[in-house]
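Visitor: My questions all concern the structure below.
The values are calculated or read from the model by the stated rules, or taken from the named source; none is laboratory data. Treat the numbers as computed from the prediction; the structure is a model and nothing was measured. Glycine gets a Cβ as well: all are built from the backbone with ideal geometry, and neighbour counts include every protein chain shown. For the accessible areas, the whole protein counts, side chains as well, though only heavy atoms, and no ligand, DNA or RNA atoms are used. Shrake-Rupley method; radii C 1.70, N 1.55, O 1.52, S 1.80 Å.
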Amino acid sequence: MKETRALLYLDDVTVSFDGFKAINGLSLFVEPGELRAVIGPNGAGKTTMMDIITGKTRPDSGKVLWKGEHDLTKLDEADAARLGVGRKFQKPTVFETHTVEDNLLLALKADRRVIPTLFARTRKDEQARIDAMLALIRLEARRADLAADLSHGQKQWLEIGMLLAQEPELLLVDEPAAGMTDDETMETAKLLRDIAGERSVIVVEHDMAFVRELDVKVSVLHEGSVLAEGSLDHVSADPRVIEVYLGR
Amino acid sequence: MADTSLIRRAVTARSQLFLILLVLAAILVPVLNLAVPAGSFFHLPSYAVSLFGKYLCYALLALSVDLIWGYCGILSLGHGAFFALGGYAMGMHLMREIGSRGVYGDPLLPDFMVFLNWQELPWFWHGFGSFPFAVLMALLVPGVLAFIFGWFAFRSRVTGVYLSIITQAMTYALMLAFFRNEMGFGGNNGLTDFKDVLGFNLQSDATRAGLFVVTAAALAGGYLLCRWVVGSKAGKVLVAVRDAESRTRFLGYKVEHYKLFVFTLSAMLAGIAGALYTPQVGIINPSEFSPANSIEIVVWVAVGGRGTLVGAVIGALIVNGAKTLFTGWFPEIWLFALGALFVVVTLFMPQGVLGLARGQGGLAEGAKRALAFLEQAGIKRKGTGS
Amino acid sequence: MRTAFLSLAAMMLLFLAALSPLPAAAQSDNPALAPHLAALDSRDFAAKGRAVEAIAQLDDPVVVPLLRTLGAGDLYRRKSDGLFFRAERDGRDYKLFDLQSGDLVETLSGSAVTRIIVNNSMRGQIDALLGSLTLRADDPAQRLAAARTIFEERDPATLPALESAIAAEDDDDIRALMETARAAILVADDGALTESRLEAVSVLRAMGGREAMVILKGASGDEAPAIAEAAAEGAAAIEQTMQLWGLGQNVWYGLSLGSVLLLAAIGLAITFGVMGVINMAHGELVMLGAYTTFAVQEVIRNSAPWLFDYSLLIAAPLAFAVVGLAGVAIERGVVRFLYGRPLETLLATWGISLILQQAVRSIFGPTNKEVGNPSWMTGGFELGYLTITYNRLWILVFALAVFAGLLALLKKTPAGLQMRAVTQNRAMASDLGVKSGFVDAMTFGLGAGVAGLAGVALSQIDNVSPNLGQGYIVDSFMVVVFGGAGNLWGALAGAFTLGIANKFLEPFSGAVLAKVLVLVFIIIFIQKRPRGLFPVKGRAAEN
């Protein structure tokens, strides 16, 4: 591996629930601007890994270094988000009783503390960014509608818009292709490739066709640690990976 | 400059109507009581002035509960405690005001302390001789308690019913404590027999009318404050917390800080309501801490329509008005009616009276729910297997 | 003039007295008594002492009352005939009472009687003699009382009488007390042999109890170092035992309170823990169970009083059924429309609780109802220094039995399996053919039925009134929350921990403050461990 300064470095992380080791000595580098796919069978620890990176779950041991200076295991979700970690859930979660515009306003990068937020007024440049984002996610016409009234696909887009408005340096995306048509899958893969470069993206995915479409470095997770790493062709030739996916 | 525009933002059409009605009440009630002669049809008896004043205190209390429940999803079953603490703070001042006019004529000690053979004023009674101090305490004591309680609870992410249950435990514990004579708050009997406030005789009509106007002003102020908070960006964060707490965290908001802020603010509003309640009702005692009282506040809000602020006020007025009428006419039926209210509102009127009035998602939805209820309950009853 | 009149009156009285017949039992006609009695009325205290000693040796029913009256300084001699009476001063006159029967004989002026004076040493002598005299009374209760008096007074003078009484005593309990009394006297008696004093120390140590500890503590300052050391050791040993027993008593009280909490909370553990439903009407369901018990007892009182001892056995299944059905009605009528909305459920069930309270108040009236204890639940027994009442004991047994029954039901039966299946994954369970609606109703009904059982038990120790349930709702929620929802064992641990904690705090803080402290503790505890003592961990708990 090249000696670059990793944006995210998981160092020998272990976490267990009721004696079951969900994550077992996991180590992972993600470089700035990198797009990384993480695959693995059910129960391999993909969701738990994201929970750890976003500060939701605290590991029993190990470190999660952000830009080599912050240890994310000491922080909570809000701290991680403020540092620049954004997370997209599999099921779209937007604020249903807020308008589309207010959803974006809340996501927009700004001072998150209580008192400044209480007195905050939307500045012109902020309004411009919201408008631009509305155009990007094609929801300009629905800006004053409640998010609850959007279709499933529109909610997905709104959530992506909110994530981008947050201006994260690392995006965690959980199974974006789930429930999508082939065309949508292709489009989403393209979108993620576009986003990467400016920011790092970790995509957790089941769908091999989608991962192939992404065409990036793949980490295979198994029983809470990295089983293999490299291009998709490289890892799918690995007998251990074949064993995990086809065996039993 | 910025402030006036912020207030303008807060005052919507509904708010304007509400505020106008409140101002009308603040004018009409004293006039009908003081200026209209006693024999006249339009004369408002003095007891009614205090009664309406009490309703407005309850309305302010309901407002404080709506702020946290309606906008942030925090269901406090212990808000009566903050109300009672505010009431006790004011009650302590009024006790000191009695001076040597008590039954025992002790210039320093309230009657109940003389009765208990206490020799000196406990330390926590000092300062309450001053009115501004008492008002400050009516704000600070509930505020500090809410802050400490909330700091622990929200930081540990105690949410939902768990939070509700421990708020109930909090007010229950306080009730037990205040029942003890040793606490120095008059035990069972609480604080009563007040004479005057700021030199005005509490029994006089003018004072009662004055207190009514002050309460109406406090309610208006509390309403505008709440309106401003929920209309701000922070208010939007509160609603976001209510609807998707976890998502809000992942956006970088410290949910516990927002909850703590709004919980403390709400407790202070409840404290003011309590401070205004004591002089108008003439007594404050530990039963104000009872868990049943706190739950009742929640049903006022639910009846009026939560998450609307105005609804909380309407609900408090409707339920308490009904309570006065019912307990006067058929006391037996009141608990049945109140109980049924809880059930009916939760089952059929999730938006409350305001939802019904607005028609949107109110009446239609309620009717739909009622039909579905009848259908499920009676007609259609088959196995649910595949 | 005046004097003349008075003396005339006195003479008249004397005359009258002379005429009145002598009360037969006023004095014994025992000839042996006469010379000693004569000796009493003198100024020679040594002679008087000897006379008292001699009187005590006589076998005559008048001896004990005579000595008792003498010791109290109330013995008077009538000048007219030299007979002895107990007298009470009444103004200037004296009322004379017969020594044995206590009947009023006559009223005389002061000049017609002489008081028999005793001094302090005589008084002590008389007390001791009296003690030893009653030590051999025929009535065992009197002997016991005498032995107790000697034990409390610890007068070395009674030692000989005590020793002979011990030899003659055939009641084991009384002899044990006499021996303890003897030991108590010996320990403090500098004149006695060191060996017998040491033996006395060990007797007292074996006896234990607060009094023995006090005596030994007193003796630990003795001049003889061997005695002092042994006594101090003995006192310390007793103190330690007493502390252990005190601890035991607190544990027992705590277990008793815990069993009440467990009964009140265990139904809640099912509805809240297993179903996730907050049932604020739970306390009122308990109250319904108590009223069912009341109704059963009313019927029995009026038509079949001989069944009274079985009333609880009849009431328990009935309460389970009645309250269980009420639970099913609540679930079908209200709660099922609110699944997934816990806060609304809380409010709706609170409304139901108000309705139930008022319904019971309208039907049965607002006052407390008398629910009797069957004979097998009254009284109690002593276990060492513990007092254990039967009603508390049975409630503990009952609570544990209900707990074990529920555990078996949930873990071992198909019904329990279905309940757990629906709880964990409603959709999948229903796909597998489980009628989830039916299971919900049954689970809620089970929780309610258990509340009914709790009501039967609580009717035995608490006031049965419409407010019965209110007193338990906060406590039982605390138990479930503290123990960890979704876990019957958590409820068990929670109930007993809180019960015992409460009872251990009470001696220091008083009952009310103890309760407040426990509540504050739970509030803090929940904030440290939001999922209670026995949390359900892992991913499932996050959702």
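Visitor: Between residues in region C:139-168 that are aromatic (F, W, Y) and residues that are open to solvent by 70 Å² or more (accessible area, probe 1.4 Å), which pairs lie under 8 Å by C-beta distance while being six or more apart or on different chains?
Guide: Once the first residue is aromatic (F, W, Y) and sits in region C:139-168, its partners that are open to solvent by 70 Å² or more (accessible area, probe 1.4 Å) give C:F151/C:E211.
Visitor: Of these, C:L468, C:L498, which one is buried (at least 19 other Cβ atoms within 10 Å of the Cβ), among the aliphatic types (A, V, I, L, M), away from chain A (no Cβ under 14 Å) and assigned to a helix (DSSP H, G or I)?
Guide: Result: C:L498 is the single residue among C:L468, C:L498 that is buried (at least 19 other Cβ atoms within 10 Å of the Cβ), among the aliphatic types (A, V, I, L, M), away from chain A (no Cβ under 14 Å) and assigned to a helix (DSSP H, G or I).
Visitor: Being facing chain B (nearest Cβ under 8 Å) and among the hydrophobic types (A, V, I, L, M, F, W, C) is the filter here; which residues of region A:100-114 pass it?
Guide: Matches in region A:100-114: A:L105, A:L106, A:A107, A:V114.
Visitor: May I ask you to say which residue of C:L533, C:L505, C:L519 is at pLDDT below 85, open to solvent by 30 Å² or more (accessible area, probe 1.4 Å) and either more than 21 Å from C:I352 (Cβ to Cβ) or part of a helix (DSSP H, G or I) (or both)?
Guide: Being at pLDDT below 85, open to solvent by 30 Å² or more (accessible area, probe 1.4 Å) and either more than 21 Å from C:I352 (Cβ to Cβ) or part of a helix (DSSP H, G or I) (or both) holds for just one of C:L533, C:L505, C:L519, which is C:L533.
Visitor: Something else: Of the residues that sit in region A:71-91 and are among the basic types (K, R) and part of a helix (DSSP H, G or I), which one is farthest from the other protein chains (Cβ to nearest Cβ)?
Guide: It comes out as A:K74.
Visitor: Please go through (1) under 19 Å from C:L354 (Cβ atoms); (2) surrounded by 24 or more Cβ atoms within 10 Å (Cβ to Cβ); (3) of a type outside the set (F, W, Y) for C:T293 and return the number of the only condition it doesn't satisfy.
Guide: So the condition that C:T293 fails would be (1).
Visitor: From A:I115, A:I130, which residue is surrounded by fewer than 16 Cβ atoms within 10 Å (Cβ to Cβ) and not assigned by TED's automatic domain parsing to the domain that holds A:I53?
Guide: A:I115
Visitor: Restricting to region B:256-270, and then to whatever is crowded, with 24+ Cβ neighbours inside 10 Å and within 11 Å of chain A (Cβ to nearest Cβ), can you tell me which residue is farthest from A:V85 (Cα to Cα)?
Guide: My answer is B:V262.
Visitor: I would also like to ask the following. Among the residues in region C:520-542, are any touching a residue at least 24 places away in the same chain (Cβ under 8 Å) and of a type in the set (D, E)?
Guide: Looking through region C:520-542, none of the residues is touching a residue at least 24 places away in the same chain (Cβ under 8 Å) and of a type in the set (D, E).
Visitor: Of the residues C:F534, C:F504, only one is among the hydrophobic types (A, V, I, L, M, F, W, C), over 23 Å from C:M280 (Cβ atoms), within 14 Å of chain A (Cβ to nearest Cβ) and touching a helix residue (DSSP H, G or I) at 6+ places or on another chain (Cβ under 6 Å); which?
Guide: Just a single option satisfies the conditions, and that option is C:F534.
Visitor: Can you tell me which residue in region A:173-216 is nearest to A:A22 (Cα to Cα), limited to those that are basic (K, R) and within 16 Å of the chain's Cα centre (by Cα)?
Guide: Among those residues, the one meeting the criterion is A:R199.
Visitor: Test each condition in (1) touching a helix residue (DSSP H, G or I) at 6+ places or on another chain (Cβ under 9 Å); (2) under 24 Å from B:R242 (Cβ atoms) for A:H152 and report the one that comes out false.
Guide: Failing condition for A:H152: (1).
Visitor: For region C:399-430, what are the residues that are surrounded by fewer than 20 Cβ atoms within 10 Å (Cβ to Cβ), among the hydrophobic types (A, V, I, L, M, F, W, C) and in contact (Cβ under 8 Å) with a residue 40 or more places away in the chain?
Guide: Selection gives C:L400, C:L407, C:L410.
Visitor: If you don't mind, there's one more thing I want to ask. Out of the residues in region C:431-465 that are crowded, with 17+ Cβ neighbours inside 10 Å, within 14 Å of another protein chain (Cβ to nearest Cβ) and charged (D, E, K, R), which is farthest from C:L488 (Cα to Cα)?
Guide: Across region C:431-465, the extreme among qualifying residues is C:K435.
Visitor: List the helices (runs of 4 or more DSSP H) inside region C:332-430, counting only whole elements, that have at least 2 residues being closer than 30 Å to C:V296 by Cβ, among the β-branched types (V, I, T) and within 14 Å of chain B (Cβ to nearest Cβ).
Guide: Answer list for region C:332-430: C:342-364.
Visitor: Restricting attention to region C:54-89, which residues are part of a strand (DSSP E or B) and either of a type outside the set (A, V, I, L, M, F, W, C) or surrounded by fewer than 20 Cβ atoms within 10 Å (Cβ to Cβ) (or both)?
Guide: Result: C:Y76, C:R77, C:R78, C:R86, C:E88, C:R89.
Visitor: Another question about this same structure. Which one of these does B:I283 not meet: (1) among the β-branched types (V, I, T); (2) within 11 Å of another protein chain (Cβ to nearest Cβ); (3) surrounded by fewer than 23 Cβ atoms within 10 Å (Cβ to Cβ)?
Guide: (2)
Visitor: Oh, and also: Within region B:190-199, does at least one residue satisfy the condition of being open to solvent by 20 Å² or more (accessible area, probe 1.4 Å), in the same structural domain as B:L77 (by TED's automatic domain parsing) and either in a helix (DSSP H, G or I) or without any contact (Cβ under 8 Å) to a residue 40 or more places away in the chain (or both)?
Guide: yes
Visitor: Residues of region C:162-176 being part of a helix (DSSP H, G or I) and crowded, with 20+ Cβ neighbours inside 10 Å, which ones?
Guide: Selection gives C:L162, C:A165, C:I174.
Visitor: Something else now. Pick out the one residue from B:I314, B:I297 that is open to solvent by 10 Å² or more (accessible area, probe 1.4 Å) and of a type in the set (V, I, T).
Guide: B:I314
Visitor: When you look at A:T97, is it touching a strand residue (DSSP E or B) at 6+ places or on another chain (Cβ under 8 Å), polar (S, T, N, Q) and at the interface with chain B (Cβ under 9 Å from one of its Cβ atoms), yes or no?
Guide: When the stated conditions are applied, A:T97 passes them.
Visitor: Would you check if there is a residue in region A:142-161 being touching a Gly at 6+ places or on another chain (Cβ under 7 Å), at pLDDT 90 or above and within 11 Å of chain B (Cβ to nearest Cβ)?
Guide: Within region A:142-161, none of the residues are touching a Gly at 6+ places or on another chain (Cβ under 7 Å), at pLDDT 90 or above and within 11 Å of chain B (Cβ to nearest Cβ).
Visitor: Wholly within region B:1-110, which helices (runs of 4 or more DSSP H) include no fewer than the required count, namely at least 2 residues that are exposed (fewer than 12 other Cβ atoms within 10 Å of the Cβ)?
Guide: So the answer is B:2-10, B:13-30.
Visitor: Could you tell me which residue of region B:116-132 is nearest to B:V197 (Cα to Cα), considering only residues that are open to solvent by 90 Å² or more (accessible area, probe 1.4 Å) and in a loop (DSSP other than H, G, I, E, B)?
Guide: Per the criteria, the residue is B:H126.
Visitor: Still on this structure, please answer the following. If I ask for residues that are facing another protein chain (nearest Cβ under 8 Å) and charged (D, E, K, R), which ones from region B:164-182 would you list?
Guide: Selection gives B:R180 alone.
So that you can scan it fast, the table gives a plain yes or no per residue for (1) modelled with pLDDT of 85 or more; (2) touching a Pro at 6+ places or on another chain (Cβ under 7 Å); (3) over 30 Å from C:G455 (Cα atoms); (4) open to solvent by less than 20 Å² (accessible area, probe 1.4 Å):
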{"residue": "C:D190", "(1), (2), (3), (4)": "no, no, yes, no"}
{"residue": "C:E199", "(1), (2), (3), (4)": "no, no, yes, no"}
{"residue": "C:L204", "(1), (2), (3), (4)": "no, no, yes, yes"}
{"residue": "C:M207", "(1), (2), (3), (4)": "no, no, yes, no"}
{"residue": "C:S220", "(1), (2), (3), (4)": "no, no, yes, no"}
{"residue": "C:A228", "(1), (2), (3), (4)": "no, no, yes, yes"}
{"residue": "C:A237", "(1), (2), (3), (4)": "yes, no, yes, no"}
{"residue": "C:T241", "(1), (2), (3), (4)": "yes, no, yes, no"}
{"residue": "C:W252", "(1), (2), (3), (4)": "yes, no, no, no"}
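Visitor: Turning to a different aspect of this structure: Mind counting the residues in region A:157-192 that are in contact (Cβ under 8 Å) with a residue 60 or more places away in the chain, open to solvent by less than 20 Å² (accessible area, probe 1.4 Å) and out of contact with any Leu (no Cβ under 8 Å at 6 or more places or on another chain)?
Guide: Matching residues across region A:157-192 total 4.
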